[in-house]
Amino acid sequence: MPNLTVNNHPLSVENDCNLSQLIIVAGYAEQTIAVAINGEFIPKAQYSHTDLATGDCVDIVKPIGGG
Amino acid sequence: MNTVNTSASDTLTLYDETFSSRFLLGTALYRSPLQMSEAIQASGTEFITLSLRQQNPQKNDGDAFWQLLKDTGCQLLPNTAGCKTAKEAINLAEMSRELFETPWIKLEVIGDDYNLQPDPFELLIAATELIKRGFKVLPYCTDDLVLCLRLVDAGCQVLMPWGAPIGTGRGLMNKYHLSSLRERISHIPLIIDAGLGSPSQAAAALEMGFDAVLLNTAVATADDPVLMARAFSLAIQAGRSGYLAGLMQRRQTASPSTPILGQPFWHNHPPEHK
């Protein structure tokens, strides 16, 4: 059971959990997001075949105001 | 009588796209989304900056905010604010391109937390890579001439030197460096980004020949952001008109504008001091 962090919060997921499933588990289903794992951008098209490993740091970001 | 003399043909071209406004506006720090929308409208801007951040999935504010910005009809300019390395900035730029569906990126790579000064070395690495990947890069940079020349060499078709550190409102801190930049890099647009606190400072930037300004704090934190957005817009138009009209040369000594010839009572004037 991989232990990850999602936006700096620890999260345990099932062994065969991929990124698509993680996004649902973490509560971001159908939201406007972009994702990086361990600092590397993951395109949407790769979510369903991106496997997760213990220690992965997942960043899920959303739009916000900026200057 | 036409009171605004910047003509419709005086447009701003960035990466082969044409804009009529020379005012780029940020979307942070407003007291409410409604106030932000009204300020954007009052500014007449066609280009608004925004960012990406981690947010609580239960508070789905990001989607509502995103929809609000799309409704403005403005071109979106995502930033890489907060990034401290080229790698971070490149990855955040890729995330922005996918999410916002735009190749435009305001490239920020910060080298110092105290004054939020861009890191010139990481900035150049990131700009070079992002240009190769097809981004339209608008680098937030210092007014260092050599850095700016290197960014142009890397393929940047627009540069955004700071007026002063972000959020300080101190205006054009180093006019010598900025005027040198304008003189040496005359073939691409230069946008003053950051540090502008008042409309007169924006007008001064345009009078110096800078092509546009980008700001956020001065509008968003004003007592009346909508009125301030309008004030900046008018100042930017005034500064641009002044630049196009051609500013007079400064003189060390006074020179009368009214003709001396025909001056009455000349014989009553006391002799000049020696």
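The values are calculated or read from the model by the stated rules, or taken from the named source; none is laboratory data. Quick caveat: nothing in here was measured; it's all calculated off a predicted structure. As a convention, Cβ positions derive from the backbone with ideal geometry for all residues, glycine included, and neighbour counts pool all protein chains shown. Quick note on the areas: whole protein, heavy atoms, side chains included, nothing else; ligands and nucleic acids left out. Shrake-Rupley method; radii C 1.70, N 1.55, O 1.52, S 1.80 Å.
Side notes on the structure shown:
- Residue in the stretch B:199-216 that is in contact (Cβ under 8 Å) with a residue 12 or more places away in the chain, in contact with an Asp or Glu (Cβ under 6 Å, 6 or more places away or on another chain), within 19 Å of B:Asp144 (Cα to Cα) and not charged (D, E, K, R) present: yes
- Complete set of residues in the stretch B:183-198 that are aliphatic (A, V, I, L, M) and free of Cβ contacts under 8 Å to residues at least 12 places away in the same chain: none
- Of the strands (runs of 3 or more DSSP E) lying entirely inside the stretch A:9-49, those containing at least 3 residues that are open to solvent by less than 50 Å² (accessible area, probe 1.4 Å) span A:34-37.
- Enumeration of residues in the stretch B:221-274 that are in contact (Cβ under 8 Å) with a residue 60 or more places away in the chain and either in contact with a His (Cβ under 6 Å, 6 or more places away or on another chain) or in a loop (DSSP other than H, G, I, E, B) (or both): B:Thr221
- Looking across the stretch B:16-25, the residues that are within 24 Å of B:Gly195 (Cβ to Cβ) and either more than 14 Å from chain A (Cβ to nearest Cβ) or assigned to a loop (DSSP other than H, G, I, E, B) (or both) come down to B:Phe19, B:Ser21, B:Arg22.
- Residue match in the stretch B:138-147 (condition: at pLDDT 95 or above, within 14 Å of chain A (Cβ to nearest Cβ) and assigned to a loop (DSSP other than H, G, I, E, B)): no
- Some residue of the stretch B:90-99 being more than 11 Å from chain A (Cβ to nearest Cβ), open to solvent by 50 Å² or more (accessible area, probe 1.4 Å) and either in contact with a Leu (Cβ under 8 Å, 6 or more places away or on another chain) or in a helix (DSSP H, G or I) (or both): no
- Each residue in the stretch B:26-38 was checked for being part of a helix (DSSP H, G or I) and either away from chain A (no Cβ under 13 Å) or surrounded by fewer than 18 Cβ atoms within 10 Å (Cβ to Cβ) (or both), and 5 pass.
- Any chance B:Ile166 is assigned to a loop (DSSP other than H, G, I, E, B) and surrounded by fewer than 17 Cβ atoms within 10 Å (Cβ to Cβ): no
- For the stretch B:200-214, a tally of residues being in contact with a helix residue (DSSP H, G or I) (Cβ under 7 Å, 6 or more places away or on another chain) and open to solvent by less than 30 Å² (accessible area, probe 1.4 Å) returns 8.
- Any pair with Cβ under 9 angstrom, 6 or more apart, that starts in the stretch B:60-82 at a residue that is more than 7 Å from chain A (Cβ to nearest Cβ) and part of a helix (DSSP H, G or I) and ends at one that is open to solvent by less than 20 Å² (accessible area, probe 1.4 Å) and among the basic types (Lys, Arg): B:Asp61/A:Lys62
- Residue match in the stretch B:39-48 (condition: acidic (Asp, Glu), surrounded by fewer than 21 Cβ atoms within 10 Å (Cβ to Cβ) and farther than 17 Å from B:Leu215 by Cβ): no
- When the stretch A:50-67 is limited to residues that are in contact (Cβ under 8 Å) with a residue 40 or more places away in the chain and loosely packed, with under 14 Cβ neighbours inside 10 Å, the one that is nearest to the other protein chains (Cβ to nearest Cβ) turns out to be A:Cys57.
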